[in-house]
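This report concerns only the one structure given below.
The values are calculated or read from the model by the stated rules, or taken from the named source; none is laboratory data. Keep in mind it's a predicted model, so treat the numbers as computed, not measured. Cβ sites come from the backbone with ideal geometry, for glycine too, and all protein chains shown count toward neighbours.
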Amino acid sequence: MSEQTLENLLKEDRTFPPPPEFAAHANGTAELYAQADADFEGCWAEQARTYVTWSKDFTQVLDWNPPFATWFADGELNACWNALDKHVEAGNGDRVAIHFIGEPEGDTKDYTYSELHDQVQRAANALSALGVGTGDTVAIYLPMIPEAVIAMLACARLGAPHSVVFGGFSSEALRTRIDDASAKVVITADGGYRRGKPSSLKPAVDAALVHGDDVTSVTNVLVVRRTGQDTAWTDGRDLWWHEALAAAEPTHEAVPVGAEHPLFILYTSGTTGKPKGILHTTGGFLTQCAYTSSVVHDVHPESDVYWCTADIGWVTGHSYIVYGPMTLGATQVIYEGTPDTPHQGRFWEIVQDYGVTILYTAPTAIRTFMKWGEEIPAKFDMSSLRLLGSVGEPINPEAWMWYRRVIGGDRCPVVDTWWQTETGAIMISPLPGVSAAVPGSAMRAIPGIVADVLDEAGDPVPDGGGGYLVITKPWPAMLRTVYGDDQRYKDTYWGRYDGVYFAGDGAKKDVDGDIWVLGRVDDVMNISGHRLSTTEIESALVSHPKVAEAAVVGAADVTTGQAVCAFVILRSEAVEEADDVGEGAELVQELRTHVAREIGPIAKPRQIMIVEELPKTRSGKIMRRLLRDVAENREVGDVTTLADSSVMDLIKAGLGGTGSS
Ligand code: WT7
């Protein structure tokens, strides 16, 4: 973000206080801030008992040995019981838990809490028949269908940590994640519907499991039949989900686990090539998810229809489709497909048809809708909406205003919620019934969270200053470690400042002390709200036989926030060949496809520029800042620390409008 934009941000003087009728019924109140300030642990203990039911109450709240924390450690509970049985036992079994909307028109199905409860019990028994016990890891690789929720909850019911792998990831990525967590079973589907046609998933699982001579930890694959596509079958290993559930016992007693029992692992990109397995445990995670679903999303389970548009493969799907809203007993929409299938008004049609009251989506989606034009949402009745949320990346004030005006009819509060895979749940956000929101600002830490912006030396910056966004006290939903790598956990998150969590983001405090998150300050990119590491994509490029060296940067993109731009040095044989065939356009295509195959389509570079040199410091570090200048068509900045200052001229001259796609 340029200094110019920053200046503009800091002059933002529009504020939107909550409408009085919204404030009158809001779950999150101003007193909460005072209560949390006065008694940090007491406040969290109260949330834990308000929102979560414990089979054994806890006596201790927080044990903090930086950087390792335990929360509610001697308490026992089951996350699945809290998401299902609790509501059935309370007499709410007939409430719709999920309005499922498949991408093909007319493909819809509602699931009540009782129906989900039935399915999950059978799924838990089916998994247990395959030898999955408490502590065993299960990989889930599914489209956005109810079975994804059922599978996750069945694992939680057994105390078997799930590792959900986004369906858009490649078989390579799936394999790495299966191996790292030694998953015993994979739950997948023949395919799902995407952009109007069936798209297969099972072949990627087959490819992941047959990997040279490597032995896999996976003994069985459960396959949901979604599209009816032809599917290769490995007898003895593969089982149909519907057959396994039909054969399973109908009832299953949820297994109580300790509060610190692992609930799931979710992999996310870091600054190195190897993704990190973020480990979340049960009691604290569930507490903060349910608490924030209540005070930030203001879910009133008896009357709201909630819709979070995230995929289950990302943390937002874990926290704000499964564990938060379901612990509260909410009714929600799950939509399988893309927003433009079969038409660009699909989202708004869903809002209208289902009377959606709370919508939680990402800035990338909002900017896409802006591009499509406001006449599209205008065709639908969206008067049911009463709260809008945003997550995943900084939302620019224009997009925020558009969201509020066009989607929210100028009456719905907008909450810009900042958090991460690592934080597990929302950390910085307005409370919709309390805060006077400022377009583009995530405002302040929610009650119970203590955040700050520090300078290089570790001192808080004054209002109006910028620096590193940190969390200065432990919080219940915090990651407990990087799976299998405590050292990486310490180094990555707690290495910059002693006893303080550094999130990887830069931020500014405005003159009122409100926080503006500016984005990553490390080599992590944010493409459409999805986290990707520059190093991971560089490794993928270099694994191609024609590539000698690669540098990747995230360049500003009006729709996706950032876009992947790669600078590639070819091996000499490849250079000659490219000269023979012309400008190397085919090679660029080949490299883009290669990255998609290695990591997944989301990682495909928007642009690949073939260059002869890369800008490096004397110590050999690539100066991505300069490459970003090129990728964003800017005047190249200070080059004095380059080992060879003529490199940038060479790159610019060499590009001359060719070699990119
Ligand atoms: C990174 C975390 C949080 C769930 C989805 C992404 C960026 C997230 C915001 C926001 C500005 C945001 C940050 C963060 N981010 N929300 N409201 N404003 N930036 O989870 O993949 O773990 O990515 O997303 O850069 O560090 P994730």
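Points worth noting:
- The test for being within 30 Å of Arg367 (Cα to Cα) and modelled with pLDDT of 95 or more does not hold for Val500.
- In segment 531-543, the residues that are over 16 Å from Thr176 (Cα atoms) reach residues that are aromatic (Phe, Trp, Tyr) with C-beta atoms within less than 9 angstrom, at least six apart or across chains, in these pairs: Arg531/Trp314.
- Residue check for Asp179: more than 18 Å from His242 (Cα to Cα) and not in a loop (DSSP other than H, G, I, E, B): yes
- All conditions but one from (1) under 19 Å from Ala548 (Cα atoms); (2) without any contact (Cβ under 8 Å) to a residue 24 or more places away in the chain apply to Gly654; the one that does not is (2).
- Within segment 465-478, one or more residues are in contact with a helix residue (DSSP H, G or I) (Cβ under 6 Å, 6 or more places away or on another chain), buried (at least 21 other Cβ atoms within 10 Å of the Cβ), modelled with pLDDT of 90 or more and not aromatic (Phe, Trp, Tyr).
- At least 2 residues being of a type in the set (Ser, Thr, Tyr) is the threshold, and among the helices (runs of 4 or more DSSP H) wholly inside segment 15-58 those reaching it are 40-51.
- 3 or more residues within 26 Å of Leu77 (Cβ to Cβ) and in contact with a helix residue (DSSP H, G or I) (Cβ under 9 Å, 6 or more places away or on another chain): qualifying strands (runs of 3 or more DSSP E) within segment 237-309: 262-268, 276-281
- Sole residue being farther than 22 Å from Glu41 by Cα and either not small (Gly, Ala, Ser) or not assigned by TED's automatic domain parsing to the domain that holds Ala34 (or both), chosen from Pro447, Pro474, Pro462: Pro462
- Taken together, the residues in segment 307-338 that are more than 16 Å from the ligand (Cβ to nearest atom) and within 14 Å of the chain's Cα centre (by Cα) amount to 0.
- Restricting the search to strands (runs of 3 or more DSSP E) fully inside segment 439-519 and requiring at least 3 residues that are within 12 Å of the ligand (Cβ to nearest atom) gives 466-471, 501-509.
- Among the candidates Lys371, Lys379, residue that is free of Cβ contacts under 8 Å to residues at least 60 places away in the same chain and farther than 30 Å from Arg496 by Cβ: Lys379
- Which listed residue is modelled with pLDDT of 80 or more, within 27 Å of the chain's Cα centre (by Cα) and charged (D, E, K, R), from Arg624, Arg634: Arg624
- The criterion of being of a type in the set (A, V, I, L, M, F, W, C), in contact with a Ser or Thr (Cβ under 9 Å, 6 or more places away or on another chain) and in the same structural domain as Ala26 (by TED's automatic domain parsing) does not hold for Val322.
- Test result for Ala551, within 15 Å of the ligand (Cβ to nearest atom) and in contact with a strand residue (DSSP E or B) (Cβ under 6 Å, 6 or more places away or on another chain): no
To keep it simple, each residue is scored yes or no on (1) surrounded by fewer than 23 Cβ atoms within 10 Å (Cβ to Cβ); (2) touching a helix residue (DSSP H, G or I) at 6+ places or on another chain (Cβ under 6 Å); (3) of a type in the set (A, V, I, L, M, F, W, C).
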residue: Met370; (1), (2), (3): yes, yes, yes
residue: Glu374; (1), (2), (3): yes, yes, no
residue: Ser383; (1), (2), (3): yes, no, no
residue: Leu387; (1), (2), (3): no, no, yes
residue: Glu398; (1), (2), (3): yes, no, no
residue: Trp402; (1), (2), (3): yes, yes, yes
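- Selected residue (criterion: modelled with the lowest pLDDT) from residues of segment 561-585 that are of a type in the set (D, E, K, R) and closer than 9 Å to Lys546 by Cβ: Glu577
Quick grid of which residues meet (1) modelled with pLDDT of 95 or more; (2) surrounded by fewer than 23 Cβ atoms within 10 Å (Cβ to Cβ); (3) not assigned by TED's automatic domain parsing to the domain that holds Asp340:
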| position | (1), (2), (3) |
| --- | --- |
| Leu158 | yes, no, yes |
| Val164 | yes, no, yes |
| Lys184 | yes, yes, yes |
| Ala189 | yes, no, yes |
| Asp214 | no, yes, yes |
| Thr219 | yes, yes, yes |
| Leu239 | yes, yes, yes |
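- Listed conditions (1) in contact with a Ser or Thr (Cβ under 8 Å, 6 or more places away or on another chain); (2) among the basic types (Lys, Arg); (3) within 23 Å of Glu393 (Cβ to Cβ) are all met by Arg625, apart from (1).
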